[in-house]
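Here the structure comes first, spelled out in structure tokens, and everything after it is commentary.
Each reported figure results from applying straightforward, stated rules to the coordinates on display, with no laboratory input. A quick note: this is a predicted structure, and the numbers were derived from the prediction, not measured. Cβ sites come from the backbone with ideal geometry, for glycine too, and all protein chains shown count toward neighbours.
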Amino acid sequence: MLAKRIIPCLDIKDGRTVKGTNFVELRDAGDPVELGIRYSKEGADELVFLDITATVDKRKTLSELVRKIATHINIPFTVGGGINTVEDVSVLLENGADKISVNTSAVRRPELVRELAQNFGSQCVVVAVDIKLFDGVWKVVTHGGRNPTPLIATEWVKQCRDLGAGEILLTSMENDGTKAGFAIDITAEISQSVNIPVIASGGAGTMQHFEEVFTKGFADAALAASIFHFKEIAIKDLKEYLQKENITVRL
Amino acid sequence: MAEEKTQHSTSPASLSFGEEPSAGFGGGGEIVIIKYNAGNIQSVLFALERIGVNAIVTDNKEQILSAGRIIFPGVGEASTAMEYLKQRNLDKVISAARQPVLGICLGMQLLCKHSEENNTDCLGIFDVNVKCFASSHLKIPQIGWNNIYTKDKPLFNGVKSGSYCYFVHSYHAEINDNTIATTNYGIEFSCALNKDNFYGVQFHPEKSADAGEQILKNFLSL
């Protein structure tokens, strides 16, 4: 049976892994290549690297980092952060990325999703959707959660699917960094409204949170960062727990 | 596309690996990855590097047909890929191969008879058709780790039946006499095929952790 995936996420700034709360207050969490290797050995099903560096040299350093990661890791990995063009993606794939993730750039120009799907196939295109509650309505936010948009989360996700997105990485800004659990209701609503896989993100604090997001949130995969970086939960323990809870995982 | 820059070592492949005598890997010849417009070639190259093997990426007919092993990878869309292969006569080159050939993902599907993906006639090595997953409750593509239930074949030496491998696909090969492993995603389908010197796997061994690495090693040792 297809297993539910556990995906550690590494936010990269200037070549280091960082993690903050609600997308601010960054703290250092180590070397991304070392962390990537550690996670792949510990049984992570995939890795996501999101580059949040904002310098001019960024593209070159990112492709070098991607190459280093790719030579060492025998599980799939996704790279995101500042991808605006087909050419940006070509460079990352040439250096060994398996998938790429777009976020703000897709909101700014939705056609980008179609161009990427046509050039590289839907399987390669993850659309990261950051959402926040505004008067009881989940709307899309961009620029790492700083900028609100008028887009309704459920509608934007469907549009992404129609444009050729292969997967949705859904992050609730209300939950991100809080360790109080995933946003179950909206994850369930979105996962059941599109027939492409949904990766739930934001809020993981305990093993029960993962169990909930799979059983009640109908997520296909769950992503987390700090609880793995700071060894609060070991991937193997998490998977053993989920298996006991009758969730199919790769052990 | 990416392939232009993926020319790796053009020297004869370094065939040493672990305790194996070097001549045992790749049948003593070069390991060639077919260069075409549907590659995720870099991942395959890195995976081979991790097991100590250098491969050559090429669309040169002589180089392909004189290789010890041929790897035919692929992600993308079937009709565009077939069109590209035909334009360059690579369809005939692949069919003429007498050394072990490994089709991966789309590469495997192109070795089949026909694909529902844009109604594409494929190479017809495996006498089996490729169909779309048709289910209202399944997510398509299938993305992630699923079990492979293997027959007792050299390709699976040291790989337990039921091992997890990584899949990304919307189309699947049906089951027939060439099936050497199956996976269930709503229905049972062929996740690995073999006929004579031709092998195909639907999953990505280059991204399937230890099980995938073992399958690649096995292919190189056939």
Set of lysines near A:K216 by C-alpha distance (under 23 Å), chain-local residues within fewer than 8 positions excluded: A:K4, A:K132, A:K139, A:K158, A:K179, A:K236, A:K239, A:K244, B:K139
Would you work out the charge dipole size for the stretch A:5-244 about its Cα centre, treating the Cβ of every Lys and Arg as +1 and the Cβ of every Asp and Glu as -1, and quote it to the nearest 20 debye? 200 debye
So for R0 = 25 Å, FRET eff. of A:T248-B:I51 from the Cβ-Cβ r, to 0.05, ends up at 0.30
Would you pull out the residues with amide H under 5 Å of A:R5's amide H, same chain only if 5 or more places away, H placed 1.01 Å from N? A:A221, A:A222
Provide the per-residue ³J(HN,Hα) series for the stretch B:98-112, in order, calculated from phi with Karplus coefficients 6.51, -1.76, 1.60 and θ = phi - 60°, each as a whole number of Hz, with x at glycine and proline positions. 10, 8, x, 10, 10, x, 10, 6, 4, x, 5, 4, 6, 7, 7
Gyration tensor (alpha-carbon) shape descriptor, the stretch A:5-244, a/c threshold 1.5: rounded
For B:G103, distant residues with modelled amide H under 5 Å away: B:F72, B:Y199, B:G200, B:V201
Using a/c under 1.5 as the rounded threshold, could you call chain B rounded, prolate or oblate? The axes a ≥ b ≥ c are square roots of the C-alpha gyration tensor eigenvalues, and prolate needs a/b larger than b/c, oblate otherwise. oblate
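If you count the DSSP beta bridges with both ends in the protein assembly as shown, what percent of them are antiparallel, to the nearest 5?
45 percent
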Charge dipole of the protein assembly as shown built from unit charges on the beta carbon (Lys, Arg +1; Asp, Glu -1), centred at mean Cα; most positive-end Cα among A:V140, A:L62, A:A200 is A:L62
Can you give me the C-alpha center-to-center distance between the stretch A:178-251 and the stretch B:121-189, rounded to a whole angstrom? 26 Å
Quick one: grab the alpha carbon gyration tensor of the stretch A:52-126, order the square roots of its eigenvalues as a ≥ b ≥ c, and give me rounded if a/c is under 1.5, else prolate or oblate depending on whether a/b is larger than b/c. oblate
Mind listing the long-range amide H neighbours of B:I180? Cut-off is under 5 Å, sequence gap 5 or more, other chains count too, H placed in the peptide plane at 1.01 Å from N. B:A192, B:L193, B:N194
Can you figure out the FRET efficiency of A:K216 with A:T71, using R₀ = 30 Å and their beta-carbon distance, to the nearest 0.05? 0.15
Taking a straight Cα-to-Cα line shorter than 16 Å from B:K195, and setting aside same-chain lysines fewer than 8 residues away, one finds B:K113, B:K151, B:K153
Which of the peptides A:219-228, A:8-17, A:145-154 is most tightly packed, and how do the rest follow, judged by the mean count of other Cβ atoms within 10 Å per residue? A:219-228, A:8-17, A:145-154
With the dipole of the stretch A:5-244 defined by +1 on each Lys or Arg Cβ and -1 on each Asp or Glu Cβ, the option from A:A117, A:G36, A:I186 whose Cα lies farthest towards the positive pole is A:G36
Over 42 Å apart: what share of the alpha carbon pairs of the protein assembly as shown falls there, rounded to a whole percent? 13 percent
Computed over the stretch B:45-94, the distribution of all Cα-Cα distances in 5 Å bins, rounded to whole %, is 4, 17, 24, 23, 18, 10, 3
³J(HN,Hα), Karplus 6.51/-1.76/1.60, whole Hz, each residue of the stretch B:135-150, x for Gly, Pro: 7, 7, 9, 9, 6, 10, x, 6, 10, x, 9, 9, 6, 10, 9, 9
Can you tell me the dipole magnitude for the stretch B:2-221 around its Cα centre, using point charges on the Cβ only (Lys, Arg +1; Asp, Glu -1), in Debye to the nearest 20? 60 debye
Can you work out the FRET efficiency for the pair A:N147 and B:E62, with r the C-beta to C-beta distance and R0 = 56 Å, to the nearest 0.05? 0.50
